[in-house]
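Accompanying notes for the structure given below.
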Amino acid sequence: MINHPLNIKVYKGEYEMSKVLLINGSPNLNGCTAEALKEMISVFDSEEIGSELINIGGKSVRGCISCGKCEEKGKCVFDDIVNETAPKFKEADGLVIGSPVYYGSPNGTLLSFLDRLFYSTPFSKHFKVGAAVVSCRRGGNSASFDVLNKYFTISSMPIASSTYWNQVHGFTAEDVKKDLEGLQTMRNLARNMAFMIKAFSYAKEKYGLPELERKAFTSFPDGK
Ligand SMILES: Cc1cc2nc3c(=O)[nH]c(=O)nc-3n(C[C@H](O)[C@H](O)[C@H](O)COP(=O)(O)O)c2cc1C
């Protein structure tokens with residue numbers, strides 16, 4: 001039941017709490033990206049938004065082979081962490097994608113995971129709130145941030161923003177703890193995201209989702 005001002009608990013249906021799924025692309029379970037995501041989770045807790053963190057960095061995740069079988073099956077032919085995550089993404093009201101920077105880009109395991117997750121899942125992502133979080137030692141954060149945001153903007157997912165680009169700096173979690181502005185950026189991001197989830201939940205109940213047209217599919221050179 002949703003009949004609330006925006007600063008209280010939001011329920012979908014009778015009992016279910018709004019929820020954010022957080023993906024950590026790093027193989028370091030207690031590393032820099034994890035530290036940034038932890039800061040966000042503490043805000044989600046205080047905002048009474050449920051959260052679940054999935055670590056994919058240590059998994060063997062192959063890339064998409066463009067077989068198109070997901071269109072028939074509604075899931076990826078490679079039955080791994082991607083298919084395990086899909087139902088959780090379907091249920092989530094928001095998705096946070098965290099990545100360490102590897103050679104100026106999000107890490108490879110994460111990109112393989114995201115290509116397959118977004119391409120193989122048939123459910124609507126419309127108005128699930130997205131946020132990308134990146135961590136580097138020296139450089140490459142903003143380029144990686146741009147790459148991750150593209151998964152959201154092709155999926156009609158509004159992006160939550162903060163008081164800086166969503167980044168921390170460090171080689172270890174201890175370094176990130178000293179990046180006070182980075183952690184502040186994470187807290188503001190999580191608060192903005194929580195507000196968006198609550199506001200969209202209220203608006204969806206009241207007005208429904210906006211229409212999405214999908215008829216046009218441009219195929220050059222004849223435009224058909
Ligand atoms: C293969 C590899 C490539 C990296 N490339 C960069 C880079 O381009 N720029 C940078 O500043 N740090 C780079 N780093 C360092 C990590 O991005 C940085 O330490 C990050 O904060 C680690 O996050 P994590 O602890 O969550 O894994 C690289 C690390 C690895 C292992």
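The values are calculated or read from the model by the stated rules, or taken from the named source; none is laboratory data. Source: prediction; values computed, not measured. Cβ: placed from backbone, ideal geometry, glycine included. Neighbour counts: every protein chain shown. These area figures cover heavy atoms from the full protein model, side chains too; ligands, DNA and RNA do not enter into them. Shrake-Rupley method; radii C 1.70, N 1.55, O 1.52, S 1.80 Å.
Values as computed for the structure displayed
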{"read-out": "Residue in the stretch 70-78 that is among the aromatic types (Phe, Trp, Tyr), open to solvent by 70 Å² or more (accessible area, probe 1.4 Å) and in contact (Cβ under 8 Å) with a residue 12 or more places away in the chain present", "value": "no"}
{"read-out": "Leading residue by the ranking (farthest from the ligand (Cβ to nearest atom)) among those in the stretch 89-133 that are free of Cβ contacts under 8 Å to residues at least 60 places away in the same chain and in a strand (DSSP E or B)", "value": "Gly130"}
{"read-out": "Residue match in the stretch 72-84 (condition: under 27 Å from Thr172 (Cβ atoms), at pLDDT 95 or above and not in a helix (DSSP H, G or I))", "value": "no"}
{"read-out": "Residue identified as open to solvent by less than 30 Å² (accessible area, probe 1.4 Å) and touching a helix residue (DSSP H, G or I) at 6+ places or on another chain (Cβ under 9 Å) among Ala160, Ala92", "value": "Ala160"}
{"read-out": "The lone exception for Leu114 - which of (1) in contact with a Lys or Arg (Cβ under 7 Å, 6 or more places away or on another chain); (2) buried (at least 23 other Cβ atoms within 10 Å of the Cβ) it fails", "value": "(1)"}
{"read-out": "Check on Phe217, open to solvent by 90 Å² or more (accessible area, probe 1.4 Å) and either within 21 Å of Ser42 (Cβ to Cβ) or hydroxyl-bearing (Ser, Thr, Tyr) (or both)", "value": "no"}
